[in-house]
Amino acid sequence: MKRRKNFETHHSSVEEEEEDDDDDDDDDEKFTSKNPDLQRSLPKIFIFCLIARIINSLLVQTYFNPDEHWQALEIAHRISFGYGHLTWEWEKGIRSYLHPLIFAALYKVLAFLHLDFHWFMIRSPRLLQSIFASFCDLYVYKFSRVLFGGSVAEWALFAQLSNWFLFYCMPHTFSNSLETVLTIVSLYYWPCLRGTATALPSGSRKYALAIAAIACAVRPTSAVTWIYVGCLELYTTRSKLKFLLLEVVPIGGIVLGLTFLLDYQFYGSWVIVPLNFLKFNFFSSGGDYYGTHAWHWYFTQGFTVMLFTYIPFTIAGIVESKERKLPGLVLWVLGIYSLLGHKEFRFVLPVLPVALMFSGYSLAKLGRAEISKGDSNSHIRRAPKLELAVWFLLITNVPMALYMSMIHQRGTEDVMNYLAEEAMKNNVEGILFLTPCHATPYYSTLHRNLPMRFLDCTPSDEKGILDESEQFLGDPAGFATKLAQTWNRPSHIVVFDAEEKPLKEFLVSHNFKEIRRFFHSHFKVDRELQASVVLYGFHGY
């Protein structure tokens, strides 16, 4: 890493605790808005992050979770082009239109420029998300520099860009990905998270509150983060009434009020999305319908897998830095989400960059120059432990990132890409998905208003009632035979190889033949191994 000198130093309380331990280095200068050299370097850092994330987004070619398509792009496609599927969450007012509108605006621009064809429809949303992700990277650098100095900031950025899960997840168009960006940007502006002597941008707390409110509007569960930070700010600030009455209430009220107006325009009635969302996911455990995990899952599997080989460096950085507020935030978020039965990796994505900042701290400490004792012409040399650490992290994270982004679970993306190309040639009349529900992208990828049918999995208000997806998995041939009695025969049927064998007789008897087979996965995830996705086409009587 290039050594940085001659920056104006503003020591935080954390740094002052470290002085006696000789943990500080001359290049660990603090960021201030008055530092012209650093201000000139920030655009270069952002451009570097932007290029890295654009490449990252182009490499991601796999299917991670249905919400990327069904809760964002599918809704955006419906807004922009008039057709697209609304899942049951939108009928019950559990989702806000704020997040899909971002991609709806993108689709409108593509349509205006006559660029709404196959490649751009598939790639442009993730390219847009890569721009958002690069702001997250930039603010990880800025925040780390404020807290710990320049050397730590550089290594925190290294950790941010090389962590396998961030590489895999951030380009996906989840609301969690945008929530993560907003969380890191907002944390940077909160006074309570900085040292007492650290310079703050003008109006810092107001920026923090506004961005935090937007994060809650995008994803209401983001409130878990801001309850912790808000209580910390309330405890440390002298003007408590001003903070609550003149900042929290008006800023939060304006942002959420505008969101309510936005949702009113699309729902056609007043819908309080945050209340409905929290009622379903927190108060009624509605998310448990999609599976549950042990209370300790985030600590023993979820977050540990996300950090992966950065775990020892994060722990070392927390211990060495003596910083307690941000590690407290990570533990708070993991603890609260552990109370819920339904757990997913991406739910705790916003605190992953925070944890990686401490990996940056420990890497910077490993890399501090060694000065030869007793030598008046002291020379600087790199610590060999740092080189070993860097190689270890790259060797363990890069292959994992590339495998998950380019190989694992790519069949469902590939089959829809193929069908989109065939639809452009007018070779597709209708598609039936005999797969677990929401297993593939939908109209946002096909981009043709053709009849399509997938197996519904709307949660039932009555316990013990099986949805279509579960009925099919229990008896694939029987379900398909019953379905065929009332269907408008499709031109194509999509199945996983796991259900292909029991469906073979049905497909042959209805004159469907295999067209293409797409590799999907080497190992099972939630159910039996789905090694490939098979596309069947109707060949006439």
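The values are calculated or read from the model by the stated rules, or taken from the named source; none is laboratory data. All of these numbers come straight from a predicted model, not from anything done at the bench. Methodologically, a virtual Cβ is constructed for each residue, glycine included, from the backbone with ideal geometry; neighbour enumeration extends over all protein chains shown. When the accessible area is computed, the model is the full protein with side chains, heavy atoms only, and any ligands, DNA or RNA have been set aside. Shrake-Rupley method; radii C 1.70, N 1.55, O 1.52, S 1.80 Å.
At-a-glance table
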quantity	calculated
Any hit, region 439-453, residues being closer than 30 Å to VAL305 by Cβ and touching a Pro at 6+ places or on another chain (Cβ under 7 Å)	no
Members of region 223-244 found to be modelled with pLDDT under 95 and either among the polar types (S, T, N, Q) or touching a His at 6+ places or on another chain (Cβ under 9 Å) (or both), listed by number	THR236, THR237, SER239
Neighbours by Cβ (under 8 Å, 6+ apart or cross-chain): first from region 281-307, modelled with pLDDT under 70; second surrounded by 15 or more Cβ atoms within 10 Å (Cβ to Cβ) and acidic (Asp, Glu)	none
Residue satisfying condition, being open to solvent by 70 Å² or more (accessible area, probe 1.4 Å) and either within 30 Å of GLU89 (Cα to Cα) or in contact with a Pro (Cβ under 7 Å, 6 or more places away or on another chain) (or both), within set ILE227, ILE211	ILE227
Residues of region 217-243 satisfying the condition of being closer than 16 Å to TYR207 by Cβ and assigned to a loop (DSSP other than H, G, I, E, B)	THR237
Number of positions in region 165-208 that are in contact (Cβ under 8 Å) with a residue 60 or more places away in the chain, open to solvent by 10 Å² or more (accessible area, probe 1.4 Å) and farther than 17 Å from TYR141 by Cα	4
Cβ-Cβ under 8 Å pairs, at least 6 apart or on other chains, region 89-107 side farther than 11 Å from VAL271 by Cβ, far side assigned to a loop (DSSP other than H, G, I, E, B) and open to solvent by less than 10 Å² (accessible area, probe 1.4 Å)	PHE103/THR173
Residues that are outside any loop (DSSP other than H, G, I, E, B), of a type in the set (Gly, Ala, Ser) and over 11 Å from the mean Cα position of the chain (by Cα), drawn from region 159-199	ALA159, SER162, SER186
Verdict on LEU339 being at pLDDT below 95 and under 29 Å from ILE395 (Cα atoms)	no
Residues being open to solvent by 70 Å² or more (accessible area, probe 1.4 Å) and of a type in the set (S, T, N, Q) - total across region 239-283	1
Members of region 109-138 found to be aliphatic (A, V, I, L, M), open to solvent by 20 Å² or more (accessible area, probe 1.4 Å) and more than 25 Å from VAL354 (Cα to Cα), listed by number	VAL109, ALA111, LEU113, LEU115, ILE122
Near pairs, Cβ below 9 angstrom, 6+ apart or cross-chain, from region 345-358 (farther than 15 Å from ALA159 by Cβ and touching a residue at least 40 places away in the same chain (Cβ under 8 Å)) to any residue that is among the polar types (S, T, N, Q) and outside any helix (DSSP H, G or I)	PHE345/ASN65; ARG346/ASN65
Strands (runs of 3 or more DSSP E) contained entirely in region 413-518, each with at least 2 residues that are open to solvent by less than 10 Å² (accessible area, probe 1.4 Å) and either within 24 Å of PHE64 (Cα to Cα) or of a type in the set (Val, Ile, Thr) (or both)	431-434, 492-496
Subset of region 69-108 that is aromatic (Phe, Trp, Tyr) and over 17 Å from the mean Cα position of the chain (by Cα) - its residue that is surrounded by the fewest Cβ atoms within 10 Å (Cβ to Cβ)	TRP88
Count of residues meeting criterion [surrounded by fewer than 20 Cβ atoms within 10 Å (Cβ to Cβ) and among the β-branched types (Val, Ile, Thr)] in region 331-364	1
Residues located in region 494-515, provided they are touching a Gly at 6+ places or on another chain (Cβ under 9 Å) and either over 25 Å from GLY474 (Cβ atoms) or aliphatic (A, V, I, L, M) (or both)	ASN511, LYS513, ILE515
Residues that are more than 21 Å from the chain's Cα centre (by Cα), surrounded by 15 or more Cβ atoms within 10 Å (Cβ to Cβ), in a helix (DSSP H, G or I) and not polar (S, T, N, Q), drawn from region 289-330	TYR289, PHE313, ILE315, ALA316, GLY317, ILE318, GLU320, LYS325
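Residue-by-condition table, conditions (1) among the aromatic types (Phe, Trp, Tyr); (2) modelled with pLDDT under 95:
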{"residue": "SER378", "(1), (2)": "no, yes"}
{"residue": "ILE395", "(1), (2)": "no, no"}
{"residue": "VAL398", "(1), (2)": "no, no"}
{"residue": "LEU434", "(1), (2)": "no, no"}
{"residue": "TYR442", "(1), (2)": "yes, no"}
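Table: residues versus (1) in a helix (DSSP H, G or I); (2) within 25 Å of GLU154 (Cβ to Cβ).
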| position | (1), (2) |
| --- | --- |
| LEU42 | yes, yes |
| ILE45 | yes, yes |
| PHE48 | yes, yes |
| ALA72 | yes, no |
| ARG95 | no, no |
| ALA104 | yes, no |
| PRO125 | yes, no |
| SER134 | yes, yes |
